[in-house]
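Notes for the one structure printed next.
The values are calculated or read from the model by the stated rules, or taken from the named source; none is laboratory data. Remember, it's a predicted structure, so these values are computed and weren't measured experimentally. Every residue, glycine as well, gets a Cβ built from its backbone with ideal geometry; the counts of neighbours run over all protein chains shown. With ligands, DNA and RNA removed, areas are computed over all heavy atoms of the protein, side chains included. Shrake-Rupley method; radii C 1.70, N 1.55, O 1.52, S 1.80 Å.
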Amino acid sequence: MTAQPTDRPWPLGVEGLAYGGDYNPEQWPQSVRVEDVALMQEAGVSLVSVAIFSWAQIEPRPGTLEWGWLDETLDRLHAGGVQVALATATASPPPWLAHQHPEILPVLADGTVLWPGGRQHYRVASPVYREHALRLTRLVAERYRDHPALALWHVDNELGCHVPHDHSDDAAAAFRRWLEARYGDVEALNAAWGTAFWSQRYDSFDEVLPPRSAPTFANPTQQLDFARYSSDAWLEHYRALRDVLREVTPGVPTTTNLMASTRTKWLDYFSWAGDLDIIANDHYLDAADPEDHVELAFSADLTRGIAAGRPWILMEHSTSAVNWQPRNRTKRPGEMLRNSFQHVARGADAVMFFQWRQSAAGAEKFHSAMLPHGGTDTDVWRNTVELGRTLKAVAELRGSTVRARVALLFSYPAWWGAELDSHPTNVLSYPATVLAHYRALWRRGVTVDVVEPSADLSGYDVVVAPTLYLLSDDEAANVAAAAARGASVLVTYFSGIADEHDHVRLGGYPGAFRDLLGVRTEEFWALGEGQTVTLDDGTSADLWTEKVHLAEGTEAVRTFADGDLAGGPALTRRTVPAAAGGGRDGAAWYLATRVDADGLQAVTDAVLAEAGVRADVPAAPGVEVVRRHGADGRSWLVVLNHTGDGVRLPVTGHELVTGTPAGDGLVVPAGAVRVLRES
Ligand code: GLA
């Protein structure tokens, strides 16, 4: 996937790579606000997000508008050379709105009402809330339409973050409208939902509800459609606010901060992408993950996939510890710089944080920030200044893009479907499965595009489809076409099982991929807790096995050596003849069980080797190298040394972080970041 870096919108008036974070001046007295801008200049900050949670400050009571503090903030930032991603201020309604209109409060499946006192206590489908949010957005847009600091609109904040699913009566009404638009008449809904089962037939849309707490498993397609509806409802809210902004300020780009990672399940960001002028993402490390930098790389590659290869904004990450995990880890020396440049390596042209100044009060006072409680004589502040300086040194990266020969298929509906209840096993984690494959690719230094199954796969030599439980016929055909064009395709267990309505594809698993893979699975053999099986090469596997039959021409590369399925295929391969018109043969691999990390590495290595895919620049384990390509033919290597040892890479050019020529190889000290303009 190679996007052309021309004509793409970007925050207005921001040179080079943007640098900054959320800025919440309303939490501070005037003297501090004045100091803020001076310190931003010292750190090289160029863009800050303002007014995200400011509704109650802007409109302290219905109809009373207090703009003074915000006027002053924008003026001061502008005078200091800092541009503004101005929020719609709608992210959390003020207490008075919920007090006057308790009918805006969201409701969980069990009827629990989510009350004010935290944040985001609104139903996205509430007509009352939406009317107020649109009103406020228009007021903000009209007030600041001509302000020279206005660079970008930041719609709301992490839409759906805390309340992805609202089960209220407003949601029920909106869900019914959504279903009517999707199905037209209720008999089509009955067919799609399989309501002949358990006496669930509906006679009219009025009888349909969101999946509320029920005596037992709710209808799976109802659950799936409710997930689709909910993602669409948040998107529709985004669109409505964006349309106001576009109307008032047609020349100002609009975005909202996504949360693309292995953690955020309920918003189908691929379907959102076309509505954002610029893709922006928030990412936080998982302190419990010893290889959290690999998950970071996955998130960045997924964000670039959502952005269709165009440069994107890292809208939030943290300078050090967060405050919302069970144990919050402080970042080690050099880690924040490496984190930042991992995102840059994978296509981010902006590095921003939550937040500029660490709060003294409120629920996030123990969340790190660019300027910590301890002030400027701290490692965190020195890191903030160093990052600003380093981003300036590599400003020429702006607009360059990343190229990959490997596509890892990722699908939000497949995630929703794979993890529905009443399945062969309830402990299958879709993101953990995807991440295991990603990790095996990352270890080999291979750059990966994380894309949806309907993406253009024509440029890839390897396509990996982990547990793609549910997909449409067109998506399945798209994957098969990649193999017929010469790609090696690896599909794993519990893929191709259902169509988009979650109806099983009959005739044997993995229905949608049976022909491509040349296999037919007769029955699943989910394994018990702690139960493992061994493959004929000694690889250990757990969670899942299958009784697989091979079609003619399909080979069992590995078999089960023990267990109920001993002797049966565990890993298969079929040569896929080139499509009519020539080209080279492809291959279709099927992995019918969950192998351990070494086993998955071996499978991945075999697929990469047959496709001739290897790292652009060979590097020691733990040294990450990603190439960015400029439109003018220039290229850069971004190198992150995650290890405790210095390395020398056999590449030459000009190193931008230290500003020195690398004539005799590129030296990268332990833990360091280097950016080489290649000669
Ligand atoms: C999210 C939110 C921010 C802040 C951070 C803390 O990303 O958008 O407002 O709460 O989390 O990590």
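What the table below lists for this structure:
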| quantity | calculated |
| --- | --- |
| Arg8 away from the ligand (no atom under 16 Å from the Cβ) and either closer than 28 Å to Ala395 by Cα or out of contact with any helix residue (DSSP H, G or I) (no Cβ under 8 Å at 6 or more places or on another chain) (or both) | yes |
| Residue count, segment 322-343 (criterion: open to solvent by less than 30 Å² (accessible area, probe 1.4 Å) and within 10 Å of the ligand (Cβ to nearest atom)) | 2 |
| Wholly within segment 510-563, strands (runs of 3 or more DSSP E) carrying at least 2 residues that are touching a Phe, Trp or Tyr at 6+ places or on another chain (Cβ under 8 Å), in the same structural domain as Arg594 (by TED's automatic domain parsing) and crowded, with 19+ Cβ neighbours inside 10 Å | 519-526, 544-550 |
| Residue in segment 380-394 that is assigned to a loop (DSSP other than H, G, I, E, B) and outside the structural domain of Val576 (by TED's automatic domain parsing) present | yes |
| Failed item, numbered, when Gly81 is tested on (1) within 16 Å of the ligand (Cβ to nearest atom); (2) at positive phi; (3) out of contact with any strand residue (DSSP E or B) (no Cβ under 7 Å at 6 or more places or on another chain) | (1) |
| Filtered residues of segment 347-399 (kept if within 16 Å of the ligand (Cβ to nearest atom) and either more than 17 Å from Asp36 (Cα to Cα) or β-branched (Val, Ile, Thr) (or both)) | Ala348, Ala350, Val351, Ala361, Gly362, Ala363, Glu364, Lys365, Phe366, His367, Val380 |
| Total residues in segment 268-284, condition in contact with a Phe, Trp or Tyr (Cβ under 6 Å, 6 or more places away or on another chain) and either among the aliphatic types (A, V, I, L, M) or within 16 Å of the ligand (Cβ to nearest atom) (or both) | 1 |
| Matching option when the condition is without any contact (Cβ under 8 Å) to a residue 12 or more places away in the chain and either on the phi > 0 side of the Ramachandran plot or surrounded by 22 or more Cβ atoms within 10 Å (Cβ to Cβ) (or both), among Ser199, Ser231 | Ser199 |
| Selection from segment 285-308 of residues that are open to solvent by 30 Å² or more (accessible area, probe 1.4 Å), touching a residue at least 12 places away in the same chain (Cβ under 8 Å), more than 16 Å from the ligand (Cβ to nearest atom) and not in a helix (DSSP H, G or I) | Glu291, Ala308 |
| Output for segment 648-666, where each listed residue is open to solvent by 30 Å² or more (accessible area, probe 1.4 Å) and over 23 Å from Gly347 (Cα atoms) | Arg648, Pro650, Thr660, Pro661, Gly663, Asp664 |
| Segment 377-412: number of residues that are in contact with a helix residue (DSSP H, G or I) (Cβ under 7 Å, 6 or more places away or on another chain) and open to solvent by 10 Å² or more (accessible area, probe 1.4 Å) | 3 |
